Amino acid sequence: MGLSILLAFMLVLPGNAGAAGSSEVYNLSGFSAGNTGGGIIEESNTALYKKVYTAADLAVALKKNSGYKVIEIMNDLDLGWNELPAAAQTSPFAKNNSPLTHPVLLQTGVSKINIDGFDGLTIFSANGATLRHAGFTIKRSSNVIIRNLEFDELWEWDEASKGDYDKNDWDYVTLEQDANVWIDHCTFNKAYDGLVDSKKGTSGVTISWSAFKGDDGSPGSWVTQQINALEANKSAYPMYAYLRSSAVGLSKDDIIAVAASQKKGHLVGSNAFDSSNAKLSITLHHNYYLDIQDRLPRLRGGNAHVYNILVDNSASWAAKKRLTSAMETAIASKGYHFGVTSNGAIATEGGAVMLENSHLIDVFYPLRNNQTDPSDGSYTGKIKAVDTMYSLDGTAFRGNSESSGSPLAPVPAAILPFSWTGISSLPYSYTPDDPSTLLTRLTAAEGAGAGKLSWAKENWLRTTY
């Protein structure tokens, strides 16, 4: 049997699926259907296939017009600006906004990496490698695939904007003016701003089988390291000192618990009523969201299809209860922002969000349809839930948002009849799973996130199985 025939045979063996059942569940679906990525390229083709071991290698691979179609990340990479060799401190790398508070980031710095003008590109790791201290902006590109990578260590305490997190603008991945982007089997840890944002008319996005996680607050965790540094020097951090003072009365453990969850998930459309927002399209499916406070997604115009996601905000909901109303009043009186938002999927400004066959735990506002002015219909979006499981404080419901008395009914504006924006129906087929299976399936050893599948590396280059 020839090598190429043998390889093709091996790639579709059920044992290579990395999960029980057919590997077809990992087929590319959603608005990014048809995305080719860089294609199936042999490792020996060094003009098109680049193995990356260092930041300098990554700089070469991602330089505009590099010609590479497949980039394999071979190991973990620390990509902070101060960690880069001189050879890598050039395009596509740029210095990002400087860290102000986290003891690790003060040493490493933060980088911004621009992936600009690629048509057909796959970036993956066979072993679930981790990329630290950097945000990626993908712009003016098409047919881009990112798979089996973990993103970490891009959050710090925000004194500069009093806890509003409006200073650093650090996102792990930002999509701008792109067409066809598939992010699959990736893990995104707590970040300063968003986790994956899509803007400037980006269309054809699918994010699948990925994990989005807050910090666990354990000894030595990223958030705990930060709070330990603040605790050791309270006088240098007025907001933190006030939270710890008798005026508020929060303990160090209280602050770690409240700070641990991730503030923002997915912003889709960054500017209100931008003319390009109508082009926005994104599918989120088989994703696991653990203690993500908001924006799952937050859509301005266009369309978002969300199915088979698991949202578990039980720890962040419990942390919210550590803040009494008197504490919240005292904090607000100083102009500080410190608390836990509890939103799920959000449609605004004429955008359409369909949430179906999903499972939401301890999200106070599971569906919202206006974030600005409920009395102004121009800010209202179309949103509905179908066959979704929902529980809050142990009280469970399964059904639709349109059922009488449903806790999934959108708030706070008058509900608009649902229809897709600019299309009559979804332009792809899909088969949703029963939502009762998601809690076990997506949190399993072979569930959502990076490093979960034991695959031949060539499988990461395929889009169907």
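The values are calculated or read from the model by the stated rules, or taken from the named source; none is laboratory data. Bear in mind the structure is a predicted one, so any value in this text is a computation, not a measurement. Ideal geometry is used to build each Cβ from the backbone, glycine not excepted, and the neighbour counts take in all protein chains shown. Only protein heavy atoms, including side chains, enter the accessible area calculation; ligands, DNA and RNA are left aside. Shrake-Rupley method; radii C 1.70, N 1.55, O 1.52, S 1.80 Å.
Compute the signed sum of charges (Lys and Arg +1, Asp and Glu -1) over the other residues within less than 14 Å, Cβ to Cβ, of M389.
Details: positive: R398, R441; negative: D312, E356, D362, D387, D433, D434.
Counting the neighbours of M389, the net charge comes to -4.
Counting pairs of Cα atoms in the chain, how many percent are more than 36 Å apart? Could you put the intermediate results ahead of the total?
Details: 29456 of 107880 pairs.
Cα-Cα pairs of the chain separated by over 36 Å account for 27 percent.
As a test of reading the structure, rank Y465, Y240 by solvent-accessible area (1.4 Å probe, protein chains only), most first.
Numbers: Y465 35, Y240 0 Å².
Ranked list, largest accessible area first: Y465, Y240.
Let's see if you can work this out: charge +1 on each Lys and Arg Cβ, -1 on each Asp and Glu Cβ, no other charges. What is the dipole magnitude of segment 218-280 about its Cα centre, in debye to the nearest 20? Intermediate values should be presented prior to the final figure.
Numbers: 6 positive and 4 negative charges, 19 e Å.
So the dipole magnitude of segment 218-280 works out to roughly 100 debye.
In Å³ and rounded to a whole number, note down the convex hull volume per residue for the Cα atoms of segment 392-457. Before the final figure, lay out the partial values.
Details: hull volume 13.8 nm³, N = 66.
That works out to 209 Å³ per residue.
With all distinct Cα pairs included, what does the Kirkwood hydrodynamic radius of segment 322-411 come out to in Å, to one decimal, could you say? If you can, show how the numbers build up before the last one.
Details: mean 1/r = 0.0690 Å⁻¹.
Answer for segment 322-411: a Kirkwood hydrodynamic radius of 14.5 Å.
Nothing charged except the Cβ atoms of Lys and Arg (+1) and of Asp and Glu (-1): what's the magnitude of the dipole of the chain about its Cα centre? Round to the nearest 20 debye. Working shown, then result.
Numbers: 38 positive and 47 negative charges, 103 e Å.
Its charge dipole is roughly 500 debye.
What does the charge count around T174 come to, taking other residues whose C-beta lies under 11 Å from its C-beta (Lys +1, Arg +1, Asp -1, Glu -1)?
Values: positive: K112, K139, K199, K200; negative: D169, D171, E176, D178, D193, D197.
Local charge sum for T174: -2.
Which whole DSSP H helices in the chain pass both tests: a Cα extent of 15 Å or more along the axis and a mean Kyte-Doolittle value no lower than 0.5?
Working: long enough: none.
Membrane-span-like by this criterion, though nothing is claimed about a membrane: none.
With every protein chain present, what is the per residue accessible area of the chain (1.4 Å probe, Å²)? Walk me through the intermediate numbers first.
On the way: 17410 Å² over 465 residues.
Ligands and nucleic acids excluded, the figure is 37 Å² per residue.
Of G377, T437, L426, which is farthest along the charge dipole of the chain in the positive direction, counting Lys and Arg as +1 and Asp and Glu as -1 at C-beta?
Result: G377, furthest along the dipole toward the positive end.
Quick check: from the Cα gyration tensor, does segment 171-233 come out rounded (a/c under 1.5), prolate or oblate? Could you put the intermediate results ahead of the total?
Details: a/c = 5.85, a/b = 2.27, b/c = 2.58.
Oblate.
Report for the chain the percent antiparallel among DSSP-assigned beta bridges with both residues inside it, nearest 5. All intermediate terms of the calculation are to be shown ahead of the outcome.
Values: 9 of 97 bridges.
Beta bridges within the chain, antiparallel portion: roughly 10 percent.
Hey, got the dipole for segment 212-346? About the Cα centre, +1 on K and R Cβ, -1 on D and E Cβ, debye to the nearest 20? Mind dumping the intermediate values first?
Numbers: 14 positive and 10 negative charges, 58 e Å.
Dipole of segment 212-346, to the nearest 20 debye: 280 debye.
Return the whole-Å distance between the Cα centroid of segment 82-111 and the Cα centroid of segment 227-243.
The distance from the Cα centre of segment 82-111 to that of segment 227-243 comes to 24 Å.
What does the net charge come to around S406 if you take all other residues with beta carbon closer than 13 Å to its beta carbon, with K and R at +1 and D and E at -1? Each step should come with its number before you reach the end.
Values: positive: K384, R398; negative: D387, E402.
Its environment carries a net charge of 0.
Quick check: Cα centre of segment 330-397 to Cα centre of segment 399-426, how many Å?
Result: 12 Å between the Cα centres.
How large is the accessible surface of R140 in square angstrom, using a 1.4 angstrom probe and rounding to the nearest 10?
120 Å²
Quick one: Karplus J couplings for segment 350-364, per residue in order, coefficients 6.51, -1.76, 1.60, θ = phi - 60°, nearest Hz, x for Gly and Pro?
Once rounded to whole Hz, the list reads x, x, 10, 10, 10, 10, 9, 6, 10, 9, 10, 10, 6, 10, 5.
Which residue, chosen from W317, V353, G302, occupies the Cα position most advanced towards the positive end of the dipole of segment 280-378, where the dipole is computed from +1 (Lys, Arg) and -1 (Asp, Glu) charges on Cβ about the Cα centre?
W317
If you take every DSSP beta bridge whose two residues both sit in segment 281-397, what share of them, in percent to the nearest 5, is antiparallel?
Details: 4 of 34 bridges.
Restricted to segment 281-397, the bridges split so that about 10 percent are antiparallel.
Just reorder Y430, Y288 by solvent-accessible area, largest first, 1.4 Å probe, all chains present. If you can, show how the numbers build up before the last one.
Numbers: Y430 70, Y288 35 Å².
Final ranking, largest accessible area leading: Y430, Y288.
Round to a whole number: what % of the accessible area of the chain belongs to carbon and sulfur, probe 1.4 Å?
Numbers: 8790 of 17410 Å².
For the chain, the apolar C and S fraction of the accessible surface comes to 50 percent.
Using protein chains only and a probe of 1.4 angstrom, how many square angstrom of T101 are accessible, to the nearest 10?
Number for this one is 10 Å².
For R244, tell me the accessible area in Å² from a 1.4 Å probe, rounded to the nearest 10.
70 Å²
Using a 1.4 angstrom probe on the protein heavy atoms only, could you order D434, D253 from most to least accessible area? Can you show the working numbers first?
Details: D434 65, D253 100 Å².
I get D253, D434, largest accessible area first.
Assign one of three labels to segment 296-367, namely rounded, prolate or oblate, based on the Cα gyration tensor with a ≥ b ≥ c the square roots of its eigenvalues; rounded applies when a/c is under 1.5, prolate when it is not and a/b is larger than b/c, and oblate otherwise.
Details: a/c = 4.28, a/b = 1.71, b/c = 2.51.
It comes out oblate by the Cα gyration axes.
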